[in-house]
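One structure is given here, and the rest of the page talks about it.
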Amino acid sequence: MSVGNRNSVLQIYHRLREVYGPQNWWPAGSTFEMIVGAILTQNTSWKNVVTSIDSLKERGMLNLRALSELPQPDLATIIRSSGYYNQKARKLKNFCQYVIDQWQGELADLLSLEIEPLRRELLQLHGIGPETADSIILYAAFKPSFVVDTYTCRIFCRHGRVPEDVGYEELRSYFMDRLEPDVGLFQEFHALIVRTGHLHCRRAPRCEGCPLDKWAEDN
């Protein structure tokens, strides 16, 4: 996949940042909170995740040990606003138990692994797919693994940068191969793409006012 060199990809980043400014994403008060949010945000909006996280905080449950000991049905009730709450409760408890069993409860030790070993560890867990794994690596472990999602694919397909049938790993490599491995850059770029997708690059595109409108023709 050779369309788009390093400079053209960076042009997109700078154009979006100029319009939207720094996003300072991921909003979380702790590393564990970020990981919980990454699991809860699967197939739902962030506002629903915030409601669930606030509910966990109110009950003093937003920590590894508390979630591991909380019965799954009770956890599902607390995070109900996130949707797919039974599945997500299972995923959260599975992650917590894995850290306790395999890393003696030391989340920092798991996150200290190098990118590829850490990615392999995460991807073997139930409920952790590539997008969630890369989110954890980038925002919790602070290692440069580019996160791609539906918005990323939609924006870059519509602007002729990648084919419509591009897969996750191929699209991730598109960015990894063209950008310097910089955590701050990757975080901001991902957040800016999400902002653009939410505002403009929906299933039914809203191109008017989009910072990238006519970008394909100009570049």
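The values are calculated or read from the model by the stated rules, or taken from the named source; none is laboratory data. Note that this is a predicted model, so its numbers are computed, not measured. Positions of Cβ are generated from backbone atoms using ideal geometry, with glycine treated the same way; all protein chains shown enter the neighbour counts. Note: areas computed on protein heavy atoms with side chains; ligands, DNA, RNA excluded. Shrake-Rupley method; radii C 1.70, N 1.55, O 1.52, S 1.80 Å.
The figures follow:
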| quantity | calculated |
| --- | --- |
| Anchor K93: aspartates and glutamates whose Cα lies under 20 Å away (excluding residues fewer than 8 positions away in-chain) | E33, D54, E58, E69, D74, D101, E106, D109, E121, E131, D134 |
| With every protein chain in place, the stretch 1-104: carbon and sulfur % of accessible area (1.4 Å) | 45 |
| Helix 130-139 vs. the chain, principal-axis angle (Cα, 0 to 90°, nearest 10) | 90 |
| Neighbourhood net charge (15 Å Cβ-Cβ; Lys/Arg +1, Asp/Glu -1) for G184 | -1 |
| Accessible surface of the stretch 113-161, 1.4 Å probe, proportion on carbon and sulfur as whole % | 52 |
| Per residue accessible area in Å² of the chain, where ligands, DNA and RNA are left out and the probe is 1.4 Å | 49 |
| The stretch 17-66-the stretch 128-182 distance, computed between alpha-carbon centres (Å) | 20 |
| The chain: angle of helix 6-20 to the longest principal axis, Cα-based, in degrees nearest 10 | 70 |
| For the stretch 63-134, with +1 on Lys and Arg beta carbons and -1 on Asp and Glu, the positive-most of Q87, Q124, W103 along the dipole | Q87 |
| Angle between the chain longest axis and helix 46-58 axis [Cα atoms, degrees, rounded to 10] | 20 |
